[in-house]
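First comes the structure, then the notes that go with it.
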Amino acid sequence: MREPVIELSSVSRSFPAEPPVLALQDVSLRVEWADYLAIVGPSGSGKSTLLNVIGLLDRPTSGTYRLDGIETTSLRDGARTKLRGSRIGFVFQSFHLLAHRSVVENVMLAEIYARHDRKGRKRRALEALDQVGMGHRVDFPTDRLSGGERQRAAIARALLGKPSLLLCDEPTGNLDSRNTAAVLDLFDQLREQGLTIVVITHEDEVSTRAKRRVRITDGVLTEE
Ligand code: ADP
Ligand code: MG
């Protein structure tokens, strides 16, 4: 049997302050392969802290986190960075694309820090762009794309390392409803291909499309 992609056990994260901020309190969460999870909750409730822990950008103060069956809390920084690069793709509200570069160049930039062979870089970028339905826009400068196309290019960039997990922080926050629908359709397709998706969102339109929904309130997670 396949290990869960995400397995958080009693994870807490506190930030030093007077008094300390308990951003996550005893959070346990299991996300299976090809699951599609929405995380909702008010501003300041701990959503980004949770995403940072899941994305190996931050460490819990206590508790354990297994990613694809690998216990991560005891790993050194280098091993965590390597694991993040091979398993996780990130998508943000602002697309973080370079304006005067073409779509395919932007996607290829995702590999600058990865140790892949340079020769296949363009081919892999073109494949990722095909996967998100952007094959016809590869030579466009990104500042001539619509918002939805920009987010699809950013998703292609996130897919380049063939991650098992896509972590999205308000991915449709800058999109109108038509482009939001297109991105949500793409998430459905990616999930059918076996990708596991976790989305932080304020929008009902987005969270109702996920298979599962959890809510964070004051650092405490509850399943809906
Ligand atoms: P959300 O993403 O749901 O808006 P966050 O996870 O960003 O919430 O923050 C949760 C709580 O932790 C907030 O009270 C925030 O002020 C606090 N917090 C987040 N990061 C830090 C930090 N680096 N240092 C101190 N407090 C922090
Ligand atoms: Mg946040």
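Taken together, the values in this text are just the output of simple stated rules run on the coordinates, not laboratory data. A quick note: this is a predicted structure, and the numbers were derived from the prediction, not measured. Note: ideal-geometry Cβ built from the backbone for every residue, glycine included; neighbour counts use all protein chains shown.
Here is the tail figure for region 6-223: Cα pairs spaced more than 25 Å apart come to 39 percent of all pairs.
When region 136-203 is described by a simple charge dipole with +1 on each Lys and Arg Cβ and -1 on each Asp and Glu Cβ, the residue from SER146, ALA182, PRO163 located farthest towards its positive end is PRO163. Spread over its residues, the convex hull of the C-alpha atoms of region 1-87 is 101 Å³ per residue. Computed from Cα positions, the angle between helix 77-87 and the longest principal axis of the chain comes to roughly 50 degrees. 3J(HN,Hα) along region 138-153: 4, 9, 5, x, 5, 6, 9, 8, 6, x, x, 5, 4, 5, 5, 5 Hz, from the Karplus curve 6.51 cos²θ - 1.76 cosθ + 1.60 with θ = phi - 60°, whole Hz, x for Gly and Pro. Considering only PRO42, PRO20, PRO171, the Gaussian network model of the chain with Cα springs below 10 Å gives its largest mean-square fluctuation to PRO20.
How high is the relative contact order of region 5-103? Use alpha-carbon pairs under 8 Å, at least six apart in sequence, and give a whole percent. After rounding, I find 29 percent.
Ignoring everything except DSSP H segments at least 4 long, calculate the 222 nm mean residue ellipticity for the chain; use -39,500 (n - 2.57) per segment, divide by total residues, nearest 500. List each step's numbers first, then the result.
Working: 7 runs with 69 residues, N = 224.
Mean residue ellipticity at 222 nm (helix-derived): -9000 deg cm²/dmol.
Answer rounded, prolate or oblate for region 161-224, using the Cα gyration tensor with square roots of eigenvalues a ≥ b ≥ c: rounded when a/c is under 1.5, else prolate when a/b is larger than b/c, else oblate. Note, shape of region 161-224 comes out oblate. Using only Cα positions of region 55-148, each an equal point scatterer, no hydration layer, compute I(q)/I(0) via Debye at q = 0.16 Å⁻¹ and quote the log10 values to two decimals. The computed values of log10 I(q)/I(0) come out as -0.80.
When only Cα pairs below 8 angstrom with a gap of at least 6 residues are kept, the chain shows a relative contact order of 30 percent.
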